[in-house]
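Below is one structure, written out as structure tokens; the observations come after it.
The values are calculated or read from the model by the stated rules, or taken from the named source; none is laboratory data. Please read these numbers as outputs of a predicted model, since none were measured by experiment. All Cβ positions, even for glycine, are placed from backbone atoms using ideal geometry, and neighbour counts span all protein chains on display.
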Amino acid sequence: MSATSFTDTSMLQEPQQNLLLERKPDCIVHEVFHRWSAVAIDSVGIPRITFNGNECIARCVRENMERYKPHERVTSDLEPFIVPGLSDRIELTTSQLPVFGGQPHGGGLHKRMPGSDEKSFGVVVNSFYDLETICVDYFRDELGNRAWIVGPVSLCNRNVEDKG
């Protein structure tokens, strides 16, 4: 599909559930931008693994933003704050946060479907260990995520021969 992250693809939920009931796969790796897919997969009792094209550093920042909420302590969109808990100093402003989310001051964190990651068996991460050793270890050991590092995954190869 060529849908963007803002395209409503929820009309595919029922056909997906029917296909899953018919085929009964052992496990499914699903893309996070189809927010309804986790609900559809969970409803038929099939284990799932979440894929998100972000690397470990982005996931660590997001999880620590959700955990510590440093953006809620600033008084303007341009006031900087530090994302706590990481080995590197990451300084952001709420104006730099993704617009989909609804956090204070117009910035926001990506809102996931309830239980999307929590009910997942784990996540597939678009990175490689030698690039993000510290972040991968933190993501797995400190944040307690089951993760498979499979990158780099890229869309630079467009035709079938190059992808092969």
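List of remarks:
- Single condition E22 does not satisfy, out of (1) in a helix (DSSP H, G or I); (2) modelled with pLDDT under 90; (3) charged (D, E, K, R): (2)
- Residues located in region 124-156, provided they are part of a helix (DSSP H, G or I), surrounded by fewer than 15 Cβ atoms within 10 Å (Cβ to Cβ) and touching a residue at least 40 places away in the same chain (Cβ under 8 Å): I134, E142
- Filtered residues of region 128-164 (kept if of a type in the set (S, T, N, Q) and modelled with pLDDT of 90 or more): T133, N145
- Out of V29, V44, one residue alone is within 24 Å of S127 (Cβ to Cβ) and surrounded by 13 or more Cβ atoms within 10 Å (Cβ to Cβ). It is V29.
Here's the yes/no breakdown for (1) out of contact with any helix residue (DSSP H, G or I) (no Cβ under 7 Å at 6 or more places or on another chain); (2) at pLDDT 90 or above; (3) outside any loop (DSSP other than H, G, I, E, B):
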residue: P84; (1), (2), (3): no, yes, no
residue: P98; (1), (2), (3): yes, no, no
residue: H105; (1), (2), (3): no, no, yes
residue: L109; (1), (2), (3): no, no, no
residue: R112; (1), (2), (3): yes, no, no
residue: K119; (1), (2), (3): no, no, no
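- Filter result (touching a His at 6+ places or on another chain (Cβ under 9 Å) and in a helix (DSSP H, G or I)) within region 41-60: I41
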